[in-house]
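The values are calculated or read from the model by the stated rules, or taken from the named source; none is laboratory data. Fair warning: this is a prediction, and the values are worked out from it, not measured in the lab. Positions of Cβ are backbone-derived with ideal geometry, glycine not excepted, and every protein chain shown enters the neighbour counts.
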């Protein structure tokens, strides 16, 4: 394994909480799809999906693709998915393929549009707009006047995914 390949896989775990191959493999197995079919639903080329799965590439750079991945994971993870008629499952997959929301779009009152993993979505967004060094620098600048925002930038922007999840859980639980 090359240094770049190892780095890409390490980045996937940091950014997405696990290897993308594992996330994609669960969907492929659950939905009994080929890689080309899954790529089409997500809005990726089949070679790009293969590169992400193999670790040749680290990042899903298109927010709409990440959003579709999160929606797809949520849809197939819902209780009752297996009981849906095949035509309804297919219709829902087509809806996901057509979806164009950003990673963080949340429709009020519609839990179906809440990202399955909000921490991964937030981390992806922050890492798309700034490097870890820039996020750390911004946190340092904010610290004296806005310590809570500085902590959020550090935890969600530059922290390890498991630490970011613990921080998110603490903040959203009100503790």
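For segment 101-123, a residue qualifies if it is at pLDDT below 80 and either closer than 15 Å to residue 60 by Cβ or surrounded by 11 or more Cβ atoms within 10 Å (Cβ to Cβ) (or both), and the qualifying residues are 101, 102, 103, 104, 105, 106, 112, 113, 114, 115, 116, 117. Once segment 138-158 is narrowed to residues that are out of contact with any helix residue (DSSP H, G or I) (no Cβ under 7 Å at 6 or more places or on another chain) and surrounded by 13 or more Cβ atoms within 10 Å (Cβ to Cβ), the residue that is farthest from residue 12 (Cα to Cα) is 146.
How do the helices (runs of 4 or more DSSP H) wholly within segment 122-175 filter down when requiring 2 or more residues that are within 18 Å of the chain's Cα centre (by Cα): which remain?
Of the helices (runs of 4 or more DSSP H) lying wholly inside segment 122-175, those with at least 2 residues that are within 18 Å of the chain's Cα centre (by Cα) span 161-172.
For residue 79, are the conditions met, namely being in a helix (DSSP H, G or I) and at pLDDT below 95? If you could, list the steps in order and put the result at the bottom.
Working: in a helix (DSSP H, G or I): no; at pLDDT below 95: yes.
No: the conditions fail for residue 79.
I'm trying to understand the selection: among the residues of segment 55-88, which are more than 20 Å from residue 120 (Cβ to Cβ) and free of Cβ contacts under 8 Å to residues at least 40 places away in the same chain? Show your work before the answer.
So the first thing to find is which residues in segment 55-88 are more than 20 Å from residue 120 (Cβ to Cβ), and the list is 56, 79-88.
Across segment 55-88, the qualifying residues are 79, 80, 81, 82, 83, 84, 85, 86, 87, 88.
Residue-wise test of (1) over 18 Å from residue 92 (Cβ atoms); (2) modelled with pLDDT under 90.
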residue: 4; (1), (2): yes, yes
residue: 12; (1), (2): yes, no
residue: 15; (1), (2): yes, yes
residue: 20; (1), (2): yes, no
residue: 25; (1), (2): yes, no
residue: 35; (1), (2): yes, no
residue: 39; (1), (2): no, no
residue: 42; (1), (2): no, no
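Say whether the condition of being on the phi > 0 side of the Ramachandran plot and assigned by TED's automatic domain parsing to the domain that holds residue 23 is met by at least one residue in segment 62-79.
Pass one, segment 62-79, residues on the phi > 0 side of the Ramachandran plot: none.
No: segment 62-79 contains no residue that is on the phi > 0 side of the Ramachandran plot and assigned by TED's automatic domain parsing to the domain that holds residue 23.
Residue pairs whose Cβ atoms lie under 7 Å apart, sitting 6 or more positions apart in sequence or on different chains, and linking a residue in segment 35-54 that is at positive phi to a partner that is surrounded by 20 or more Cβ atoms within 10 Å (Cβ to Cβ) and part of a helix (DSSP H, G or I), are 43/68.
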